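*Asks:* The structure follows.
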Amino acid sequence: MSPVSPKDRKGPRDSEPQDIHEALGQSDSFLGFQEHLSKVAQVNRPILLVGERGTGKELAATRVHFLSQRWAGPFIALNCSALTPTLMESELFGHEAGAFTGAGTRRQGRFEAANGGTLFLDEIGNIPMEVQSKILRVVEYGGFERVGSSSPIQVDVRIVGATNADLQALADRGRFMRDLLDRLSFDVLVLPPLRERREDIAILARHFSARMGYELGWAEVPEITEEALGLLQNYPWPGNVRELKNVIERAVYRSGDNLVTKDELIFDPFRNYAQRLQGPSEEAVDAALPRRSSPTLDRSAADDGPLRPLNDAVAELELRSLRRALAEGKFNQRKAADLLGLTYHQFRGLYRKYQAELDG
């Protein structure tokens, strides 16, 4: 196979994926990174993207591709974190029919698919040593053989690797080829974590909010209150931009309207589940234990009239409380929720439960 020149490929430059526009920000660290990325994109050499999880390494790799002279060629991605050496070799280089059990037909690998474009190798530190040597040969000579074949294949591929691991430390421990590391690190770009670009949090939050509102079919763009933005600004964001996106999208759909308040911000969706796994607290258990009766308690219980099923009594109390809160809040549901000490989302659930009685 002869190498394909990027200029021979046809395709509109506006085929750039929509998510690439989520590279938003105005902080110095963000703008400095984007400037570095734009410069290195023009140089046809392998590069490494290093950053914490959720910082947008694949998005950065996509931007490198579309800002390069290879923009009209393919952008092929492979996550290297969970593949065995055999599968990894087959995924990257393809295989011939009968090369191993289950290989019924010839299969093209990612290097062939990326010919004339960019191959993005995510979690590159997890690539097995035996596969690394074959990648090194592609980087140096542009050629390889499919698994089960001795016929050489030539390709023209730019490699962009990404990792959150310390590749130099892996190389020192003999778990990553030093020669390959040298070839791949023409330049190393470090993605800034979100906690170092707090000026961008509000911009990103509003962007994700608008996108979620559009996805839900809302006519108006959801707004985020200043109090909610303050919480977002002070959160450490261990999951970076990906975590922020999840928090905002979850808050928008929970709000049920065009206003996201602090009550809709759930930073840990597993919180309630974890509490249930831990069981009731000692205080709750102690409060549930039967206590010695007293004349005062006995008289107050007797004054309530005949004992009724607990569910009926609770329903009556909830309905009465809803009516009173709505009346005192002049039928503003957010004010009614505050009067009852509930989040707006909790109030809406309770309101829907008794909507027939309330509207009757």
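Derivation of every value follows stated rules applied to the coordinates shown; laboratory data play no part. Not measured: the values here are computed from a predicted model. As a convention, Cβ positions derive from the backbone with ideal geometry for all residues, glycine included, and neighbour counts pool all protein chains shown.
*Asks:* Which entries of Lys245/Lys353; Lys57/Lys262; Lys57/Lys134; Lys262/Lys330; Lys57/Lys245 have Cα-Cα distances beyond 27 Å here? Don't skip to the end; give the middle numbers.
*Replies:* Details: Lys245/Lys353 31 Å; Lys57/Lys262 29 Å; Lys57/Lys134 24 Å; Lys262/Lys330 22 Å; Lys57/Lys245 15 Å.
Over 27 Å Cα-Cα: Lys245/Lys353; Lys57/Lys262.
*Asks:* Based on the Cα gyration tensor of region 26-106, what are the three equivalent ellipsoid semi-axes, each the root of five times an eigenvalue, rounded to whole Å and given largest first?
*Replies:* Working: eigenvalues 227, 50, 15 Å².
Calculated on Cα positions only, the semi-axes equal 34, 16, 9 Å.
*Asks:* I've got another one for you. Along the charge dipole of region 33-107, pointing to its positive end and built from +1/-1 on Cβ of Lys, Arg, Asp and Glu, which listed residue (Leu83, Ser38, Leu59) has its Cα farthest out?
*Replies:* Of the listed residues, the answer is Ser38.
*Asks:* Right, another one. With +1 on the Cβ of every Lys and Arg and -1 on the Cβ of every Asp and Glu, and nothing else charged, how large is the dipole of region 16-192 about its Cα centre, in debye rounded to the nearest 20? Write out the running numbers ahead of the final one.
*Replies:* Working: 17 positive and 22 negative charges, 71 e Å.
Dipole about the Cα centre, nearest 20: 340 debye.
*Asks:* Lys and Arg at +1, Asp and Glu at -1: add these up for the other residues within a Cβ distance under 13 Å of Phe331 and post the number. It would help to have the intermediate numbers written out before the result.
*Replies:* On the way: positive: Arg323, Arg324, Lys330, Arg334, Lys335; negative: Glu328, Asp359.
The answer is +3.
*Asks:* On a C-alpha basis, how far is the centre of region 173-206 from the centre of region 322-348 in Å? Whole number, if you could?
*Replies:* Answer, in whole Å: 47.
*Asks:* Quick one: Cα convex hull volume of region 38-183, Å³ per residue?
*Replies:* Details: hull volume 16.0 nm³, N = 146.
Looking at region 38-183, the number lands at 110 Å³ per residue.
*Asks:* Based solely on C-alpha atoms, express the radius of gyration and the Dmax of region 309-360 in angstrom.
*Replies:* Considering region 309-360 through its Cα atoms, Rg and Dmax are 10.5, 32 Å.
*Asks:* Listed highest first by mean packing, meaning other Cβ atoms within 10 Å per residue, what order do 348-354, 91-97 come in?
*Replies:* By packing density, highest mean first, the sequence is 91-97, 348-354.
*Asks:* What area, in nm² and to one decimal, does the C-alpha convex hull of region 111-172 cast on average over all directions?
*Replies:* Working: hull surface 18.4 nm².
With the hull built on Cα positions only, its mean projection is 4.6 nm².
*Asks:* Follow-up. Using a 10 Å cut-off on Cβ atoms, rank the peptides 118-128, 52-62 from the highest mean neighbour count down.
*Replies:* Details: 118-128: 22.5, 52-62: 20.4.
In descending order of packing, they fall as 118-128, 52-62.
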